[in-house]
Amino acid sequence: MRARVLFFGMLRDIVGMSREDVEFPEGADLRSVFASYAARYPRLGDLARSIVVARNQEFTDPAAKLAEGDEVAFLPPVSGGCDAGDREIAEAGHYFALTHRPIDTRAVIVRLLTGAEGAVVTFEGTVRNHTKGRPTRCLDYQCYESMALKLMARIGREIAAAHQVERVAMVHRLGRLLIGETSVAVIVTAPHRRAAFEACLEGIDRLKKVVPIWKKEHFMDGEVWVEGAWDENIPAAG
């Protein structure tokens, strides 16, 4: 299966070329394409968290399968941007993270499991293709990262203390998300299902009202920041 791979900016300097036509095995995905170059040019692997991938001029999930004749582009951060890596807190078995990469829910569950739980409840918020009948192209998420992560961890600790649950995880995606991608995941493990369901629901409800994360929705005919509502216990500035 033949594809053309393009490199831009600093990535072109690292690999010493702007494009290459390459044969890949059937079933290869974009993540494996990147891995093949990272093995040849280790510096690419070092920058993996700040590189995005496009296929046929569209931003694409790295898990997407490659097709014959695809044009794949690896893109470094744009000028004026910053190298925004993941932020995370892992404490007492709980896990809280902000990430610019697709959320791997199963991987998060695995890190929570101890064998003592009888229930694992997962909530995933996903990007839908419309809002009130208006077609949506994609979403952009931004946040006050250091404050957001601390609040996520605080909510998780409080939920664990208030319910009979074992462990809590919250992961929120930042940056550009496409239709169908997971923007946020809340995961709770517990000996029994009712406590797990109640804690998971409380977790996402509190996250949506307290954690400083903002969403811009891009439509076919414009874009808008989505206005939510702070928790009533948070005082306003004026």
Q: Go through the range 182-217 residue by residue and tally those that are surrounded by fewer than 16 Cβ atoms within 10 Å (Cβ to Cβ) and touching a strand residue (DSSP E or B) at 6+ places or on another chain (Cβ under 8 Å).
A: 7
Q. Which one is surrounded by the fewest Cβ atoms within 10 Å (Cβ to Cβ), of the residues in the range 1-50 that are in a strand (DSSP E or B) and in contact (Cβ under 8 Å) with a residue 60 or more places away in the chain?
A. Arg2
Q. Just one of Ala35, Ala67, Ala92 is in the same structural domain as Gly175 (by TED's automatic domain parsing) and of a type outside the set (Val, Ile, Thr); which is it?
A. Ala92
Q. Counting just the residues of the range 53-76 that are surrounded by fewer than 16 Cβ atoms within 10 Å (Cβ to Cβ) and of a type in the set (Asp, Glu), which one comes out farthest from Pro25 (Cα to Cα)?
A. Glu58
**Q.** Top-ranked residue of the range 141-178 - restricted to ones that are modelled with pLDDT of 90 or more and charged (D, E, K, R), ranked as nearest to the chain's Cα centre (by Cα)
**A.** Arg173
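The values are calculated or read from the model by the stated rules, or taken from the named source; none is laboratory data. Computed from a prediction, not measured in an experiment: that's the story for all the values here. FYI the Cβ positions are ideal-geometry reconstructions off the backbone, even for glycines, and counts take in every protein chain you see.
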